[in-house]
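Peer 1: Pasting a structure here, questions to come.
Derivation of every value follows stated rules applied to the coordinates shown; laboratory data play no part. Computed from a prediction, not measured in an experiment: that's the story for all the values here. Counting neighbours? That spans all protein chains shown, and the Cβs are built from the backbone with ideal geometry, glycine included.
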Amino acid sequence: MLSVLDIFRIGIGPSSSHTVGPMRIARTFVRALAKAGKLERTARIAVELQGSLALTGVGHGTVDASILGLIGFAPDTTCPDEAAAALERVRTHGRLMLGGRQDIAFDPATDIDLAGHVIPDLHPNGMQLAAFDADGAPLSRRTYYSTGGGFVASEAQLRRKPKDDRINTGTRVPHDFGSAEELLAECARTDLSIAELILANEDAFRPRERTLEGLDRIATAMDQCVDRGLHQRGILPGGLKVARRAPDLWDKLSANPQSNEREQLFDWLNCYAMAVNEENAAGGRVVTAPTNGAAGIIPAVIRFYCVTAEDDACGESRRTFLLTAGAIGLLYKQRASISGAEMGCQGEVGVACSMAAGGLAALWGASPAQVASAAEIGMEHNLGLTCDPVGGLVQVPCIERNAIGAVKAVNAARLALHRPETDARVSLDQVIETMRQTGLDMSSKYKETSQGGLAVNVIEC
């Protein structure tokens, strides 16, 4: 089993698979050099970004993330201002402090190859790194893959086939499950809610206190991202000249908070979701939930239904929400994918909508079966959603798509609660498998390559 704290990770924008993943890969490669005693002998590093990492790499920040990872930056601790200063030094002086220890010459224009024509068989987000000594002799060459949501894997790991449909990470948990059917059966057997069952499983990873601290840290980071996005104005970077809209909508809503206009629910959710994804587009600190491109949906729903983090009851509600949503995210990660380069946007916004629907249903007192139903509805009406970002930027249609996803998640939870448990015609397992099959059938030009759809039918500037 994976941990829910693997599903929710603090990082920087604009993309978990194209920014967070490559940063982690580059950092891992350098640490492997150091462990092998080769770092001090390294005089040159060459990076080849393959497939989707190359095709949308510039707009998604992949080039910069690779440089930062080589320096030694980690996604969860990176300060955007410090990162920007480090990148400026590399481009100004043409040198890079590898792992913070080994000074080498480095020119991003020649040492990072955007090999968009190379489409790896194992995963569309391939990244090959090579190290050479002063005489040009190779020291190391490794291939990694950014598999979505900030997860990374080596070539050997992806080639290793699991014995069954479960992912074995070596961690045994008290309530093992490989499908939603098994999860619901275990809830029925133990008389535990999904959140309670997952929390018990998390005890196998770390002490209970550390898990709760981790959940609270994730909730706080989500809240802080919403707050930053509500007050930052200006034009988002990248050339599309997209203006931040969340602050103006926030001012309008705050000036009339007691309005009885029924549609204002949409406005609040839209405001919070766009605040997060505008921060993400600007390269700010966000929580992968389960990806950066879909980072606004869960925080928006939590923010509207759990307003004050200081309130003890609200803090417990946030934990319940994240544990429940995390369980659903685990199912998608283990049985399909949360990578836009594999599944299209149904694997990002669709999964986030499904997770948020299940988490909110749990807050509203839904049974485990109703939680699964809410999650199923959330995905069922996102099936086939393409990922075709204009200009290779995580802005159009990504920002508004999160707002729509947040509203859809709330409606999915409502529909599930109004429907008898025995009346569901589609199970969560069935919709996850349908998403997986749809993603495999989807043309590659609609899977985070900016080679189809809106990306070619909308003028960039």
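Peer 1: Just tell me which aspartates and glutamates come within less than 14 Å, Cα to Cα, of Lys241; anything on the same chain fewer than 8 places away is out.
Peer 2: Glu278, Glu460
Peer 1: Apply the Karplus parameterisation 6.51 cos²θ - 1.76 cosθ + 1.60, with θ equal to phi minus 60°, to every residue of the stretch 124-134 and state each ³J(HN,Hα) to the nearest whole Hz, in sequence, with x for glycine and proline.
Peer 2: Each residue's phi maps through the Karplus curve to give x, 9, x, 8, 10, 10, 9, 10, 10, 8, 5 Hz.
Peer 1: Just name one of Ala375, Ala409, Gly365: the one whose Cα is farthest towards the positive end of the charge dipole of the stretch 328-440 (beta-carbon charges, Lys/Arg +1, Asp/Glu -1).
Peer 2: My answer, from the dipole projection, is Gly365.
Peer 1: Do you know the relative contact order of the stretch 100-146, to the nearest whole percent, from alpha carbon pairs under 8 angstrom that are 6+ apart?
Peer 2: That works out to 28 percent.
Peer 1: Still on this structure, I have one more. Quote the relative contact order of the stretch 16-159 in percent (integer), defining contacts as alpha-carbon pairs under 8 Å separated by 6+ residues.
Peer 2: Dividing the mean separation by the residue count of the stretch 16-159 yields 37 percent.
Peer 1: So what's the Cα pair-distance distribution over the stretch 16-159, bin width 10 Å, in %?
Peer 2: 13, 47, 35, 5, 0
Peer 1: From the square roots a ≥ b ≥ c of the eigenvalues of the alpha-carbon gyration tensor of the stretch 245-373, which class results: rounded (a/c under 1.5), prolate (a/b over b/c), or oblate?
Peer 2: Verdict is oblate for the stretch 245-373.
Peer 1: Show that you can apply the helix-only estimate: for the chain, add -39,500 (n - 2.57) for every DSSP H stretch of four or more residues, divide by all residues, and state [θ] at 222 nm to the nearest 500.
Peer 2: -15500 deg cm²/dmol, from helical runs alone.
Peer 1: Sticking with this structure for a sec: Convert each backbone phi in the stretch 73-87 into a coupling constant with the Karplus relation 6.51 cos²θ - 1.76 cosθ + 1.60 (shift: θ = phi - 60°), then list the ³J(HN,Hα) values in order as whole Hz, x for Gly and Pro.
Peer 2: Listing the rounded values in order: 5, 10, x, 6, 10, 6, 8, x, 5, 5, 5, 4, 5, 5, 5 Hz.
Peer 1: A further question follows. Indicate the gyration tensor shape class of the stretch 211-305 (rounded, prolate or oblate), computed on the Cα atoms with a ≥ b ≥ c the square roots of the eigenvalues: a/c under 1.5 is rounded; otherwise a/b larger than b/c is prolate and the rest oblate.
Peer 2: Oblate is the answer for the stretch 211-305, as a/c is 1.5 or above yet b/c matches or exceeds a/b.
Peer 1: What ³J(HN,Hα) values, in whole Hz, does the Karplus curve 6.51 cos²θ - 1.76 cosθ + 1.60 give for the stretch 196-206 when θ = phi - 60°, with x put for Gly and Pro?
Peer 2: 5, 5, 5, 4, 5, 5, 5, 4, 6, 8, 6
Peer 1: A follow-up question, please. Which residue, chosen from Ala134, Thr147, Pro14, occupies the Cα position most advanced towards the positive end of the dipole of the chain, where the dipole is computed from +1 (Lys, Arg) and -1 (Asp, Glu) charges on Cβ about the Cα centre?
Peer 2: Ranked along the dipole, the leading option is Ala134.
Peer 1: For each of Glu400, Glu48, Glu448, count neighbouring Cβ atoms within 10 Å of the residue's Cβ, then give the residues from fewest to most.
Peer 2: Glu400, Glu48, Glu448
Peer 1: If I take every Cα pair under 8 Å that is 6 or more residues apart in the chain, average their sequence separation and divide by the length, what percent do I get for the relative contact order?
Peer 2: RCO, the chain: 18 percent.
Peer 1: Taking other Cβ within 10 Å of each residue's Cβ, how do Trp364, Trp250, Trp268 sort, fewest first?
Peer 2: Exposure proxy ranking, most exposed first: Trp364, Trp268, Trp250.
Peer 1: With the Cα gyration tensor of the stretch 180-457 giving a ≥ b ≥ c as the square roots of its eigenvalues, does the rule (a/c under 1.5 for rounded; else a/b larger than b/c for prolate; else oblate) give rounded, prolate or oblate?
Peer 2: Since a/c reaches 1.5 but b/c is at least a/b, the shape of the stretch 180-457 is classed as oblate.
Peer 1: What does the extension gain come out to for Val118 and Thr171, with contour length at 0.36 nm per residue minus their alpha carbon separation?
Peer 2: 15.6 nm
Peer 1: Arranged by the count of other C-beta atoms within 10 angstrom, fewest first, what order do Met442, Met435, Met97 take?
Peer 2: Starting with the residue having the fewest Cβ neighbours, the order is Met97, Met442, Met435.
Peer 1: Go from 0 up to the bin containing the longest alpha carbon distance in the stretch 328-461, width 10 Å each, and give me the % of pairs per bin.
Peer 2: Final binned percentages: 15, 42, 30, 12, 2, 0.
Peer 1: Which whole-percent values make up P(r) of the stretch 310-359 when all C-alpha to C-alpha distances are grouped in 5 Å steps starting at zero?
Peer 2: Taking all Cα pairs of the stretch 310-359, the binned fractions are 5, 23, 24, 19, 12, 8, 6, 2 percent.
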